[in-house]
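Novice: Take this structure, written in structure tokens, and hold onto it; I'll ask about it next.
The values are calculated or read from the model by the stated rules, or taken from the named source; none is laboratory data. Note that the structure is a prediction, hence the values are computed from the model and not measured. Virtual Cβ from ideal backbone geometry, glycine too; neighbours counted across all protein chains shown. Only protein heavy atoms, including side chains, enter the accessible area calculation; ligands, DNA and RNA are left aside. Shrake-Rupley method; radii C 1.70, N 1.55, O 1.52, S 1.80 Å.
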Amino acid sequence: SYEAFFSRYLVVLTRRAIKWSKLLKGKNSIQKSLKVKRYIRKGIPNEHRALVWMVVSGAQTNMEQNPGYYHRLLEGEKNAKLLEAIKTDMNRTFPDNVKFRKTADPCLQHALYNVLVAYGHHNKAVGYCQGMNFIAGYLILITKNEEESFWLLDALIGRILPDYYSPAMLGLKTDQEVLGELVKMKVPAVAELMERHGVMWTLVVSRWFICLFIDILPVETVLRIWDCLFYEGSKIIFRVALTLIKQNQAFILEATNFPDICDKFKQITKGTFVTECHSFMQKIFSDPGSLSMATINKLRETCREKLLSQG
């Protein structure tokens, strides 16, 4: 049960918290190193999460180099169409989370609206796109700070996830195809099944990429994935996706038709394997085997060219 897992996990969290306190020694800075990378893979305690994310993603440096920029964006001229699109999605963002309800005090909807409005005016090529509301919402829950959430959103959308949220979503489409190629290499039987039944990868994994596993995997597991995502970049998404597919290969291969395959992909994101985030995170670094950024970039190049030629 979840309770049994969490009581075991609390022991791990306590041990990690002591190690992190020693590492940070009350300082507000951290240098990238193999030790820090190892610590991050084992999970950042919640009380240090915002600080570590800010530093390792480069968001802290950007914020310090642009004092007052966030507030100037909020005070500047606004694009009415953008405001309308953001307003429409407000009540759809974490409707079950009490902190995002209109009756909450403080109501996080206001902070969420500000962060998305500022980002839409900062990055006009992207503006606003569905999925960004969930990501910004998670950032606000962790940082409890609008400006920090804005700069972390910028780190994700501007640098870590290349071209996921632009109107054409070319980066997102490319990475879904890259995952397909990686599955061919590492779990060929599943790739063959998908091909045989004509199931496109975008149908089963697009939300994994767009929402970075929010509302797909359990909260604690998502936060652990994000810990590594901010430090190691987008290849973490592929590691998670490949682990889910590889671990559930036999189950997926039981599918005999198109809807069956789609249903199996929904089911593999639930259950003990994904809830036990500590062992799950160990698995993402062992199960898929070696996965270099060079391999991913090479695949991105060929997949992007293929998509562009298809128009």
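Novice: Check ASP227, ASP287, ASP215 and return the single one that is at positive phi, in contact with a Lys or Arg (Cβ under 9 Å, 6 or more places away or on another chain) and either touching a residue at least 12 places away in the same chain (Cβ under 8 Å) or of a type outside the set (Phe, Trp, Tyr) (or both).
Specialist: Exactly one residue qualifies, and that residue is ASP215.
Novice: Pairs under 6 Å by beta carbon, first residue in contact (Cβ under 8 Å) with a residue 24 or more places away in the chain in the range 247-259, partner open to solvent by less than 80 Å² (accessible area, probe 1.4 Å) and basic (Lys, Arg), six or more apart or different chains?
Specialist: Matching pairs, first to second residue: ILE252/LYS264; ALA255/LYS264.
Novice: What number goes with the only condition from (1) charged (D, E, K, R); (2) surrounded by 18 or more Cβ atoms within 10 Å (Cβ to Cβ); (3) at pLDDT 95 or above that ASP89 does not pass?
Specialist: Unmet for ASP89, out of (1) charged (D, E, K, R); (2) surrounded by 18 or more Cβ atoms within 10 Å (Cβ to Cβ); (3) at pLDDT 95 or above: (3).
Novice: Listed residues GLU254, GLU301; which is among the acidic types (Asp, Glu) and closer than 16 Å to GLU177 by Cβ?
Specialist: Checking each option against the conditions leaves just GLU301.
Novice: Out of everything in the range 30-55 that is in contact (Cβ under 8 Å) with a residue 60 or more places away in the chain and not in a helix (DSSP H, G or I), what residue ends up being surrounded by the most Cβ atoms within 10 Å (Cβ to Cβ)?
Specialist: Top of the filtered list is ILE44.
Novice: Just the residues that are assigned to a helix (DSSP H, G or I) and either open to solvent by less than 10 Å² (accessible area, probe 1.4 Å) or out of contact with any helix residue (DSSP H, G or I) (no Cβ under 7 Å at 6 or more places or on another chain) (or both), please, taken from the range 173-188.
Specialist: THR174, ASP175, GLN176, VAL178, LEU179, GLY180, LEU182, VAL183, MET185, PRO188
Novice: Right, next: For the range 202-236, enumerate the residues that are over 17 Å from LYS270 (Cα atoms) and of a type in the set (Val, Ile, Thr).
Specialist: Selection gives THR202, ILE210, ILE236.
Novice: Pull up the range 244-277, narrow it to residues that are in a helix (DSSP H, G or I) and polar (S, T, N, Q), then point me to the one that is least open to solvent (accessible area, probe 1.4 Å).
Specialist: Result: THR275.
Novice: Listed residues LEU170, LEU182; which is in contact with an Asp or Glu (Cβ under 8 Å, 6 or more places away or on another chain), hydrophobic (A, V, I, L, M, F, W, C) and in contact (Cβ under 8 Å) with a residue 60 or more places away in the chain?
Specialist: LEU170
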